[in-house]
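**Student:** Mind looking over this structure? Questions follow.
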Amino acid sequence: MAGVATSERAGGRDRPANISRFGPFTHVTVEKAPLYRAIMGTFVRAKRRFNVHLRPEDVLEMLAREPGQDGDGLDLGAITDVSAELRSLVDWGNLRGDPDTSRVTSVEDFNRPRFLYQLTPAGEAAETALATFDETLGRRGELQAVALSDIHSQLRALLALLAEPEIDAAKAHQLLRDLAGVFRGLADNAQAFMGSLQRTIDLHDADLDVFLAYKEQLIDYLQRFIRDLVVTSARIVDVLREIEEHDLSRLLRAVAEREARDAAPDLDYSSPPTPSPPTPPQPTEPLVSEVVGERLALWTERWEGLRHWFVGDRRHPPQSRFLRERARAAVPALLSVVLVLNERRSGRSDRSADFRALALWFAQAPNDDDAHRLWRVCFGLAPARHLTVDAATVEARDAEPVPASTPWSEAPPILVDIRLRRTGRYERRGAPNRVRDRAAERRLLADRLAAEEEVVRAARRQLATGEPVRLSELAELDDPTFRLFLAVLGDALARRRPGEIGVVTSSADGTLSISLTPTDDGVIATVPTSAGRFTGPDHLLEIHDLLTATA
């Protein structure tokens, strides 16, 4: 049949020699692409029902059952012949046509071309790729807090399995497969959601009211996920550390050996076999061992990917932290979008628009007094600050005040100093004024600064003892010492990572070395302060003054 020539070997699969590698995608770029996509859809649906071969009339019947399904205005029910389209799909490598001799009753029927069509591997792969493309393009993505709980549960079950003396390979295989699937879905959906979120932030044609309602729901959604991510990630990190205390390679090898039993043998078509004398059967252990090594490397890589997503190290922070930071940064970004939309709705501001709005306000003023007040507010008419009057005029105005409502034409004149009228400057010529001695003010400021520094040094001496002390054993703290205590505690807690028992860091100014370790004995510390009682879980606090140590 035309279009189906001899086949060549490419990548271990057979394909027609006159079909290019991407020929099965040609039908999406031609003039009748919607019709070709609909025809290929009938073959895909038929194969899902285990119906492999279709005649042209079968294709027409399936198209007629779904009229108007295409979005380009194509009426599938009005199509009467698809023979030419089927032959084109055969030429492109999407379909294979076999002579249909099942209904031949005469020589004329035999000479008339009749074909049964079925999907080729290349055509099926092209449809799978197009379906994946449509699904990925339309997927919104989501932040799966439930997936985090599932990962934690699967890891707990895996930890229990490691504690057993003998590894149950079937249970371990099922747990790892479920864990890999849930984790892959979590990572892919998070990536898709953050991409769609960025497109939402970058939007330009959105209705403000609709976006405000969406923004409230989205921010609440992000806050819930961030809270679940922080809590559940810490639990997952703890379980991962417990798992690493066992011999995980033993479990991974058991799973790899179980998968190797189902590995199909691979036949190399790259060179024709050469005849050789019969040899006795060889053991298959080397082949199985190679497959086990490949599967073991694959599962080890998957496990390292899961571990680094939650744990990470100093050089490579965990991906969960990046996701948390990205979700947190999305909240102010959404608020900035609201600001931009508000500015856009208010319209571009220019002087002509302002004067038109002001003219409308003047026209709507209830009376002249309100109009005058509006005039003074808008144009800032007030006495000129650069004019200076002489002392006699000031005394006359104090004796006989002139109301501000007096018209200029009826008010008494203001006598301006002659120097200002001639030169435009009022400064008197002569020696400049003597420089004021501010030594007393500088001494006062220096005394206050010294007193404040002494208070800070006293607070540092009280806390930076260089010895570990329980928070429950701290004496009463005055206001400066309590403020320093809160700053030190905040610096230590801010630098504590999930899963770490204690933290050693420095203060924000780099002058104090801080070590904070939980006691884990359930004691609640109460620290008396000048502002009240400070209560929280008990910790061991050790502070060193780096300035004193350097001196």
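**Student:** Kindly provide the GluC sites (Glu not before Pro) of the range 464-551 that DSSP labels as loop, not H, G, I, E or B, and whose Cβ sees at most 16 other Cβ atoms within 10 Å.
**Tutor:** Passing both the DSSP loop test and the Cβ count: Glu476, Glu500.
**Student:** Would you please classify the overall shape of the range 461-550 from the alpha carbon gyration tensor, given that a ≥ b ≥ c denote the square roots of the eigenvalues, rounded means a/c under 1.5, and beyond that prolate means a/b larger than b/c while oblate covers the rest?
**Tutor:** oblate
**Student:** Count neighbours as other Cβ atoms within 10 Å of each site's Cβ, and list the trypsin sites (Lys or Arg not before Pro) in the range 439-500 that are DSSP loop with at most 16 such neighbours.
**Tutor:** For trypsin sites (Lys or Arg not before Pro) across the range 439-500 that sit outside H, G, I, E and B with at most 16 neighbouring Cβ atoms in 10 Å, the list reads Arg495, Arg496.
**Student:** Of Leu296, Leu471, Leu445, how do they rank once you tally other Cβ atoms within 10 Å and put the fewest first?
**Tutor:** Leu445, Leu296, Leu471
A short reminder: the numbers here are calculations on the coordinates, not readings from a lab. Owing to the predicted nature of the structure, the values given are computational and were not obtained by experimental measurement. FYI the Cβ positions are ideal-geometry reconstructions off the backbone, even for glycines, and counts take in every protein chain you see.
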